[in-house]
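The next block holds one structure in the form of C-alpha cells; read it before the comments.
The values are calculated or read from the model by the stated rules, or taken from the named source; none is laboratory data. It should be emphasised that the depicted structure is a prediction, and the values quoted were computed from it without experimental measurement. Neighbour counts are summed over all protein chains in view; Cβ atoms, including those assigned to glycine, are modelled from backbone coordinates with ideal geometry. Ligands, DNA and RNA are excluded from the accessible area calculation, which covers all protein heavy atoms including side chains. Shrake-Rupley method; radii C 1.70, N 1.55, O 1.52, S 1.80 Å.
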Amino acid sequence: MSKSTQTLNIAIIGCGGIANGKHMPSLAKQQQAQMVAFCDIVKERAEKAAEEYGAKDAKVYTDYRELLKDQSIDVVHVCTPNDSHSEITVAALESGKHVMCEKPMAKTVAQAQEMLDAARRTGKKLTIGYQNRYRPDSLYLKQLCEAGELGDIYLGKALAIRRRAVPTWGVFLDEEKQGGGPLIDIGTHALDLTLWMMDNYKPKSVLGSSFHKLGQRKDAANAWGPWDPEQFKVEDSAFGFITMENGATIMLESSWALNVVETGEAKTILAGTEGGADMKDGLRINGEKLGRLYDTNIDLQAGGVAFYSGTAESESDLEQRLWIEAILEDKEPIVKPEQAFVVTQILEAIYESAKTGKAVYFE
C-alpha cells in the first residue's frame, strides 16, 4: 500500500477531558487515520468515545494491556493522568506501536527516561502533546529564531499565569496522580515553548520555589467554581530560575491562582543580541535599527507560516496532521522525546529545589 493511501489504525487510551477536547476531534479530521480502539477504566466513557469517533466495529476496553495485544493497531494515544504515562507508553512501544503521549512526558525524570529508552530500543516513534508549538504565533517566532533574527538568545521568560482558574475536575488537585499543580500542568507548556525557541536543552542549574497560599480558601472565586480545600493537595503557584550551560537564563512563572491582573498562558518572552520578542499581545518583535528602537506587531491573519494552511486548521488539528505525516513518511516528529525529557528534568528540579531550599545542579 502506498503512503498516500495508507490509513493508520489508532487507539485511544484514556477517554476523558483531553481526549475529547483535543485528540479525538482532531484525529477525526485526518483522512489517513481512523480510531479503531478505545480504552478507559470507566467503560461508559470508552463506549461513548467509540460511538462518537470510532470506525466501524471499533473495540472498547477497560484494560490497556488487552488493547495492546491487537497487532492491527499502529498508533496509541496516551491520554491518562500523569502517573500512568510512562507505564502505558513503554508497554505500547514494546508492543510495536508508535505513541503520542499527552504532556507532560511523565510524572518523574526516571519514568521519562524509561519512555526514552523504550523508544530507542524499539525504533518506534514517540512524541509528546505540546500543541502550543503549532499556534501561528509560535510557528512564526520559531522561524524568526531559526533565521537568527533575534541573534544569540540569552534570556527567556516562560509564562503560565492565571488569576483564578483552578481546574476542579478529574485528578488535577491530586499530587499522587499528577505529580504537582500548575507547574506540571500549564508551566510545562510555557517552558517547552521557551526551550524550543531558544533551541537550548542543556540546563546547568535550577532554583525553584512553590507556594500553597490560596488553595486552602473556602468558597474562593474561580473560573470553574470554588475548589475543595480538602482536595487541593498541590501547589497553587511555582516559580523557577534556570541557568543553562552556555549562561543563558530562563525564568519560569506558573500559577492557577495568583493576585495579579496581568495574566498569560503558554507564552514566552525572549531577549537576544539582535532583538527580542513577546507574546503578551499577539506577537511583538522589538529591536534597534539605524540608532533607533522599534517594535512591531506581526499580522498573523494572512497565513504564510510554515506548516500552517490558514485559520481553518487549529493548532490541535495541525499537531495531529503532522504527527500522522511523521509516521507515514518516516520523519522525526515536531516534538522530539529528547526535548520533552529536558522539560521534565527542569520541572522535577524546580519541585526539588522548592522542597529543599537549595539549587539543583545537573551533571
Task: Residues (part of a helix (DSSP H, G or I) and either under 16 Å from I250 (Cβ atoms) or β-branched (V, I, T) (or both)) located in segment 325-339 - done: I327, Q339
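Per-residue answers, yes or no, for (1) among the aromatic types (F, W, Y); (2) closer than 24 Å to K358 by Cα; (3) at pLDDT 95 or above:
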site: G187; (1), (2), (3): no, yes, yes
site: L207; (1), (2), (3): no, yes, yes
site: Q216; (1), (2), (3): no, no, no
site: P226; (1), (2), (3): no, no, yes
site: F232; (1), (2), (3): yes, no, yes
site: D236; (1), (2), (3): no, yes, yes
site: G240; (1), (2), (3): no, yes, yes
site: M244; (1), (2), (3): no, yes, yes
Open item on the list: Take the conditions under 25 Å from the mean Cα position of the chain (by Cα) and polar (S, T, N, Q) and apply them to Q216. Does it pass?
Closed with: no
Open item on the list: Restricting to segment 120-152, and then to whatever is in a loop (DSSP other than H, G, I, E, B) and hydrophobic (A, V, I, L, M, F, W, C), can you tell me which residue is most open to solvent (accessible area, probe 1.4 Å)?
Closed with: A147
Open item on the list: Regarding segment 289-305, can at least one residue be identified that is surrounded by 14 or more Cβ atoms within 10 Å (Cβ to Cβ) and at pLDDT 95 or above?
Closed with: no
Task: Residue list for segment 254-288, filter: in a strand (DSSP E or B), under 22 Å from R135 (Cα atoms) and either open to solvent by 70 Å² or more (accessible area, probe 1.4 Å) or among the aromatic types (F, W, Y) (or both) - done: E265, R284
TODO: Return yes or no: is N20 open to solvent by 40 Å² or more (accessible area, probe 1.4 Å) and among the polar types (S, T, N, Q)?
DONE: yes
Open item on the list: Condition first: of a type outside the set (D, E, K, R), within 14 Å of the chain's Cα centre (by Cα) and in a loop (DSSP other than H, G, I, E, B). Now tell me which residues in segment 90-112 satisfy that.
Closed with: P104, M105, A106
Open item on the list: One residue is enough: does segment 322-329 have a residue meeting the conditions open to solvent by 70 Å² or more (accessible area, probe 1.4 Å), farther than 30 Å from H212 by Cβ and either in contact (Cβ under 8 Å) with a residue 12 or more places away in the chain or touching a Leu at 6+ places or on another chain (Cβ under 6 Å) (or both)?
Closed with: yes
- [ ] Looking only at segment 221-235, decide whether some residue is part of a strand (DSSP E or B), farther than 29 Å from Y140 by Cα and either hydroxyl-bearing (S, T, Y) or in contact with a helix residue (DSSP H, G or I) (Cβ under 6 Å, 6 or more places away or on another chain) (or both).
- [x] no
Open item on the list: Checking Q216 against (1) in contact with a Gly (Cβ under 7 Å, 6 or more places away or on another chain); (2) in a loop (DSSP other than H, G, I, E, B); (3) not charged (D, E, K, R), only one condition comes out false. Which one?
Closed with: (1)
Open item on the list: As an exercise: evaluate G240 against (1) surrounded by 22 or more Cβ atoms within 10 Å (Cβ to Cβ); (2) closer than 30 Å to D299 by Cβ; (3) touching a helix residue (DSSP H, G or I) at 6+ places or on another chain (Cβ under 7 Å) and give the number of the one condition it does not meet.
Closed with: (2)
Task: Residue satisfying all of: in segment 219-237; aliphatic (A, V, I, L, M) and over 26 Å from the mean Cα position of the chain (by Cα); surrounded by the most Cβ atoms within 10 Å (Cβ to Cβ) among these - done: A220
Open item on the list: Can you say whether K267 is closer than 25 Å to D152 by Cβ and at pLDDT below 95, as far as the supplied structure shows?
Closed with: no
Task: When residues of segment 181-217 are limited to those that are surrounded by fewer than 17 Cβ atoms within 10 Å (Cβ to Cβ) and out of contact with any Phe, Trp or Tyr (no Cβ under 9 Å at 6 or more places or on another chain), the one farthest from Y361 (Cα to Cα) - done: K213
Open item on the list: I need the full set of residues from segment 65-89 which are in contact with an Asp or Glu (Cβ under 9 Å, 6 or more places away or on another chain), open to solvent by less than 30 Å² (accessible area, probe 1.4 Å) and in a helix (DSSP H, G or I), in order please.
Closed with: N82, H85, S86, T89
- [ ] Filter segment 45-63 down to the residues that are open to solvent by 80 Å² or more (accessible area, probe 1.4 Å) and more than 27 Å from the chain's Cα centre (by Cα), then identify the one that is nearest to V78 (Cα to Cα).
- [x] K59
